[in-house]
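K.L.:
To start, I am sharing the structure in question, which I have written as structure tokens.
The values are calculated or read from the model by the stated rules, or taken from the named source; none is laboratory data. These numbers come from a predicted model, not from an experiment. Virtual Cβ from ideal backbone geometry, glycine too; neighbours counted across all protein chains shown.
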Amino acid sequence: MAAAEQAREAVTPKAGLYIASIAAAGLALLTLGLSHWQSSGTARFAAFFFLAAAASTQKIRLPRMRGTMSLSFLFILIGIANFSFSETLLLGCTAALIQTFWMAKRQPRVEQVVFNIATLVLCAGFADWMGHEASVLARTNSLVLLIAAATFLFLVLNTGLVAVVISLTEQKPFGKEWLYCFYWSFPYFLVGGVAAGLVSALSRSSGWFSGLLVLPLMYLCHLWYQIHVQNAIQEQATEPEPEANSVLAETL
């Protein structure tokens, strides 16, 4: 989960402190990562960068939540397997920025934009670091292990950060909100993790351009899941919608 939609009401003190803390940590990590820039190949990174930007506009709105998921997380996972730490952070930052502004129902606030960027940067950075650490501890260069660990860590942290902000702003139980976010995100991330692994494997064996052949299949999966979610929303249309006090998070 990466971006956030805010209602017009003021942010509660606890939620404000949480948002400020996440924003500070995320922006500090982004500054540190970009200050130690490393390039893994300009042409390849530029191609995936623009594809990630385009994927950020393909959003799925979740049932009973003012939140969305987009295809951009796929490219963050690809970045973890193929790009440098700084490049992966830049992918996350760009994805959050575009997803926040693209066809937003309300003009995003400054604190919302900063929080969205910080959240996705933290998720991308943590998944990148711990994913590679898992490979080191296992003493293997297995692409499967790296992608699996990064996908799981990204999903858990992402849904966790979103569940906290929803819990604080709507006074709802954290566990219930986290399970709900996780439930709707897990199938999407599972398929995305497999796709990221295929793209990375093809890129390493046949060149990075061949890895792009997997992306149309992932887009079809995205469309299918979008239809599935829309059907779920229609089924729940007669149920009362959740009230929002301040910040409602969006997903990647």
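K.L.:
In the range 133-155, which residues are modelled with pLDDT of 95 or more and among the β-branched types (Val, Ile, Thr)?
P.N.:
Once the filter is applied, which keeps residues that are modelled with pLDDT of 95 or more and among the β-branched types (Val, Ile, Thr), the range 133-155 yields ILE147, THR151.
K.L.:
In this structure, does LYS176 turn out to be out of contact with any Leu (no Cβ under 6 Å at 6 or more places or on another chain) and not in a helix (DSSP H, G or I)?
P.N.:
Working: out of contact with any Leu (no Cβ under 6 Å at 6 or more places or on another chain): yes; not in a helix (DSSP H, G or I): no.
Considered against the rule, which asks whether it is out of contact with any Leu (no Cβ under 6 Å at 6 or more places or on another chain) and not in a helix (DSSP H, G or I), LYS176 comes out as no.
K.L.:
Next question. SER135 passes all but one of (1) closer than 30 Å to SER205 by Cβ; (2) among the hydroxyl-bearing types (Ser, Thr, Tyr); (3) buried (at least 23 other Cβ atoms within 10 Å of the Cβ); which number fails?
P.N.:
The failed condition is (3).
A quick yes/no check of all residues on (1) within 13 Å of the chain's Cα centre (by Cα); (2) among the basic types (Lys, Arg):
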{"position": "TRP37", "(1), (2)": "no, no"}
{"position": "GLY41", "(1), (2)": "no, no"}
{"position": "PHE73", "(1), (2)": "yes, no"}
{"position": "ASN82", "(1), (2)": "no, no"}
{"position": "GLN99", "(1), (2)": "yes, no"}
{"position": "MET103", "(1), (2)": "no, no"}
{"position": "ARG106", "(1), (2)": "no, yes"}
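K.L.:
Could you check the range 7-62 and list, in sequence order, the residues that are at pLDDT 90 or above, in contact with a Phe, Trp or Tyr (Cβ under 7 Å, 6 or more places away or on another chain) and of a type in the set (Val, Ile, Thr)?
P.N.:
Passing the criteria: ILE19, ILE22, THR57.
K.L.:
Of the residues THR159, THR169, only one is surrounded by 15 or more Cβ atoms within 10 Å (Cβ to Cβ), in a helix (DSSP H, G or I), β-branched (Val, Ile, Thr) and under 14 Å from the mean Cα position of the chain (by Cα); which? Walk me through it before giving the result.
P.N.:
Working: THR169 fails: under 14 Å from the mean Cα position of the chain (by Cα).
One residue alone meets the criteria, THR159.
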